[in-house]
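K.L.:
The structure under discussion is supplied below as structure tokens; questions concerning it will follow.
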Amino acid sequence: MSIAIVGAGAIGGQLGVKLAASGEPVTFIARGANLEAIRTGGMRLIEEDGSEIHARDVRATQSMQEAGVHDYVLLTVKAHQVGPIAADLKHLIGPNTAVVTLQNGIPWWYFLHGYEGAHAGKQVENSDPGGAIARHLDASKVIGSVVYPAAILEAPGVVRVVEGNRYTLGEPDGSMSERVTILSEKLVKAGFKSPAIGDIRSEIWLKLWGNLSFNPISALTHATLVDICQFPDTRALARAMMEEAQAIANTLGVTFRVDIDRRIAGAEKVGAHKTSMLQDVEAGRAIELEALVGSVIELGRITGTPTPHIDTVYALMRLLARSLETQKGRLAIQPA
């Protein structure tokens with residue numbers, strides 16, 4: 001079974017290294033210094049306990065055409081990065097290829113495949129502006145996934161795991177297909193917790209609950225997860241945003257297997273971790289805002305559900321993102 005990892009960053013690196021170490025043929029689609037590091041010396045993964053796994057026997061290329069068709073394509077780039085590469089993905093995809101989407105937020109395929117209800121076939125504009133992804137990628141190829149680990153690309157070719165090893169999988173139509181079962185088995189063999197479940201949308205919302213609140217709050221305040229959860233005002237704000245999101249999800253038929261307090265406690269337990277959105281603000285990178293927050297507001301409008309707290313935080317983050325982009329800057333708290 002051949003696996004292409006599109007985006008050899010923190011999540012792609014963790015997946016690729018452990019799959020390669022378990023004997024699976026892995027090709028990294030990467031660029032720049034990261035690509036050169038992988039080509040020269042493979043890729044290293046530093047686990048939570050400090051132990052290391054070094055995957056030396058992996059392919060790495062910038063060209064999807066050069067990489068060719070694979071059995072599984074793992075899309076590990078951020079949500080806003082999928083559209084620009086969607087047209088090139090055809091080089092990796094054959095008649096039996098499965099494409100695993102590992103982006104945070106509401107996925108572009110949410111209503112396009114396996115969804116039964118009044119909104120079937122509707123495009124989520126914030127997740128796929130203009131339908132660019134859907135035009136190039138058949139939604140029936142997709143296996144959904146929810147990413148729970150926190151990791152960082154510490155240096156070119158080196159990933160450090162902060163916490164977690166769970167990647168939940170699911171077919172958008174709820175079936176237990178052969179392709180999702182095989183992938184689940186391969187990931188478990190590689191050392192991950194990777195159940196295949198029948199309701200991937202509910203799992204997406206469970207993860208999104210935290211992303212839509214903690215990520216922008218952390219980016220605006222420069223606080224870690226534990227700080228946000230232990231400071232009464234920001235904890236209350238996160239809760240209010242999560243309550244609004246839950247109302248939208250419930251309207252769409254989604255149920256949550258844990259309550260809000262337990263979800264907040266889980267984030268607090270992660271500790272002094274900077275969210276990916278805060279890391280992007282500090283590094284001056286494009287911010288993954290629309291799929292995580294804008295898409296939830298869009299679904300609120302579609303379902304007629306008010307989102308006043310989410311709207312306010314979204315407005316502040318949009319202005320911050322525009323300021324950073326316009327000035328080509330970054331923002332971080334430095335010691336006085």
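K.L.:
Could you tell me which of the residues Gln81, Gln123, Gln62 is free of Cβ contacts under 8 Å to residues at least 24 places away in the same chain and not assigned by TED's automatic domain parsing to the domain that holds Leu212?
P.N.:
Values: Gln81 fails: free of Cβ contacts under 8 Å to residues at least 24 places away in the same chain; Gln62 fails: free of Cβ contacts under 8 Å to residues at least 24 places away in the same chain.
Testing whether each residue is free of Cβ contacts under 8 Å to residues at least 24 places away in the same chain and not assigned by TED's automatic domain parsing to the domain that holds Leu212 leaves just Gln123.
K.L.:
Hey, another quick one. Of these, Ala30, Ala87, Ala37, Ala79, which one is surrounded by fewer than 16 Cβ atoms within 10 Å (Cβ to Cβ) and among the hydrophobic types (A, V, I, L, M, F, W, C)? So that I can check it myself, show each step before the final result.
P.N.:
On the way: Ala30 fails: surrounded by fewer than 16 Cβ atoms within 10 Å (Cβ to Cβ); Ala37 fails: surrounded by fewer than 16 Cβ atoms within 10 Å (Cβ to Cβ); Ala79 fails: surrounded by fewer than 16 Cβ atoms within 10 Å (Cβ to Cβ).
Step by step, each of Ala30, Ala87, Ala37, Ala79 is checked, and only Ala87 is surrounded by fewer than 16 Cβ atoms within 10 Å (Cβ to Cβ) and among the hydrophobic types (A, V, I, L, M, F, W, C).
K.L.:
Within the range 53-91, track down each residue that is among the polar types (S, T, N, Q) and either farther than 20 Å from Ala190 by Cβ or not in a loop (DSSP other than H, G, I, E, B) (or both).
P.N.:
Matches in the range 53-91: Thr61, Gln62, Ser63, Gln65, Gln81.
K.L.:
Can you tell me which residue is modelled with the highest pLDDT among those in the range 205-226 that are within 20 Å of Gly12 (Cβ to Cβ) and either hydroxyl-bearing (Ser, Thr, Tyr) or out of contact with any strand residue (DSSP E or B) (no Cβ under 6 Å at 6 or more places or on another chain) (or both)?
P.N.:
Asn215
K.L.:
State which residue is farthest from Ala150 (Cα to Cα) when the search covers only the range 52-95 and only residues that are within 22 Å of the chain's Cα centre (by Cα) and small (Gly, Ala, Ser).
P.N.:
Ala87
K.L.:
Would you pick out the residues in the range 27-45 that are over 20 Å from the mean Cα position of the chain (by Cα) and farther than 25 Å from Ile287 by Cα?
P.N.:
Glu36, Ala37, Ile38, Arg39, Thr40, Gly41, Gly42, Met43, Arg44
K.L.:
Please give the helices (runs of 4 or more DSSP H) falling wholly within the range 191-278 in which 1 or more residues are within 30 Å of Gly23 (Cβ to Cβ) and either within 17 Å of the chain's Cα centre (by Cα) or of a type outside the set (Gly, Ala, Ser) (or both).
P.N.:
Fully inside the range 191-278 and qualifying: 200-221.
K.L.:
For His273, only one of the following conditions fails: (1) surrounded by 14 or more Cβ atoms within 10 Å (Cβ to Cβ); (2) touching a residue at least 12 places away in the same chain (Cβ under 8 Å); (3) within 23 Å of Gly198 (Cα to Cα). What is its number?
P.N.:
The failed condition is (3).
K.L.:
Quick check: anything in the range 39-58 within 22 Å of Ala86 (Cβ to Cβ) and touching a residue at least 12 places away in the same chain (Cβ under 8 Å)?
P.N.:
no
K.L.:
Consider Ala132 against the criteria (1) surrounded by fewer than 23 Cβ atoms within 10 Å (Cβ to Cβ); (2) at pLDDT 95 or above; (3) of a type in the set (A, V, I, L, M, F, W, C): it satisfies all of them except one. Which criterion is unmet?
P.N.:
(2)
K.L.:
Which residue out of Gly50, Gly23, Gly94 is of a type outside the set (Lys, Arg), out of contact with any strand residue (DSSP E or B) (no Cβ under 6 Å at 6 or more places or on another chain), part of a loop (DSSP other than H, G, I, E, B) and within 23 Å of Thr181 (Cβ to Cβ)? Even if it seems obvious, please write down each step before you answer.
P.N.:
Values: Gly50 fails: within 23 Å of Thr181 (Cβ to Cβ); Gly94 fails: part of a loop (DSSP other than H, G, I, E, B).
None of the other options fit; the residue is Gly23.
Per-residue answers, yes or no, for (1) farther than 24 Å from Gly164 by Cβ; (2) in the same structural domain as Pro129 (by TED's automatic domain parsing); (3) in a helix (DSSP H, G or I):
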{"site": "Asp280", "(1), (2), (3)": "no, no, yes"}
{"site": "Arg285", "(1), (2), (3)": "no, no, no"}
{"site": "Leu292", "(1), (2), (3)": "no, no, yes"}
{"site": "Ala321", "(1), (2), (3)": "yes, no, yes"}
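The values are calculated or read from the model by the stated rules, or taken from the named source; none is laboratory data. Nothing here was measured: the structure is a model prediction, and the numbers come from that model. With ideal geometry, Cβ positions are generated from the backbone for all residues, glycine too; neighbour counts draw on all protein chains shown.
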